[in-house]
């Protein structure tokens with residue numbers, strides 16, 4: 001009976017991630033979509049996912065999948081989550097950051113940041129792991145896409161797996177610096193950001 005219960009739990013967790021259109025790799029030796037060594041790729045809501053009209057996400061107008069849930073902006077951060085995720089769970093999502101935090105260098109890891117997965121494991125930047133960066137476009141503006149390797153740790157500080165955090169930094173956005181942060185591998189997010197426009 002215990003084996004059946006465990007199997008059901010694993011299937012349920014997989015269903016939540018599939019619903020969200022996200023994927024992450026828990027192995028530390030996997031190659032991310034950026035081509036760099038490291039763990040989970042957060043390349044970017046599946047390209048064949050249902051779409052609707054452009055929605056405001058912070059300072060951006062983004063063509064979103066119909067299951068995106070856009071929260072109100074709070075302290076310069078607009079969070080987008082996958083609808084249908086159980087309340088209190090570590091739900092797939094990404095952030096659009098404006099203001100002072102968007103202009104700072106390095107990985108954006110606010111207090112309480114967690115890794116992708118069913119358990120709320122702390123997201124900790126791996127020291128010595130070199131981030132990979134490349135030019136990108138966000139709403140027609142020049143941006144830099146950077147991938148950082150994260151250590152996903154339990155309450156005792158023990159690493160359970162590694163993941164990748166991808167950030168799109170737009171220093172010269174019309175209303176000031178903008179930073180998009182994804183730890184959940186929302187597929188197609190690169191293209192959606194490139195095709196986005198700036199809200200008036």
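The values are calculated or read from the model by the stated rules, or taken from the named source; none is laboratory data. Note that the coordinates shown come from a computational prediction; the quantities given were computed from them, not determined experimentally. Ideal geometry is used to build each Cβ from the backbone, glycine not excepted, and the neighbour counts take in all protein chains shown.
Please pick out the residue among 72, 119 that is surrounded by fewer than 14 Cβ atoms within 10 Å (Cβ to Cβ) and modelled with pLDDT of 85 or more.
Values: 119 fails: modelled with pLDDT of 85 or more.
The unique qualifying residue is 72.
Remark: residue 162 falls outside the filter, which requires a residue to be surrounded by 15 or more Cβ atoms within 10 Å (Cβ to Cβ) and in contact with a helix residue (DSSP H, G or I) (Cβ under 8 Å, 6 or more places away or on another chain).
Residue 48: outside any loop (DSSP other than H, G, I, E, B), surrounded by fewer than 19 Cβ atoms within 10 Å (Cβ to Cβ) and modelled with pLDDT under 85, yes or no? When the stated conditions are applied, residue 48 does not pass them. For segment 81-108: of the residues being in contact with a strand residue (DSSP E or B) (Cβ under 6 Å, 6 or more places away or on another chain), at pLDDT below 95 and in a strand (DSSP E or B), which is surrounded by the fewest Cβ atoms within 10 Å (Cβ to Cβ)? Step by step, filter segment 81-108, then rank; the result is 81. Only one of the numbered conditions (1) out of contact with any helix residue (DSSP H, G or I) (no Cβ under 9 Å at 6 or more places or on another chain); (2) at positive phi; (3) at pLDDT below 95 is not met by residue 111, and that is (2). Note on segment 81-100: residues that are within 16 Å of residue 60 (Cβ to Cβ) and more than 15 Å from the chain's Cα centre (by Cα) total 2. Could you say whether any residue in segment 126-149 is over 18 Å from residue 194 (Cα atoms) and buried (at least 21 other Cβ atoms within 10 Å of the Cβ)? The answer is yes, given that some residue of segment 126-149 is over 18 Å from residue 194 (Cα atoms) and buried (at least 21 other Cβ atoms within 10 Å of the Cβ).
Among residues of segment 46-66 that are farther than 16 Å from residue 78 by Cα, those with a Cβ under 6 angstrom from a residue that is modelled with pLDDT of 90 or more, sequence gap 6+ or separate chain, pair up as 51/63.
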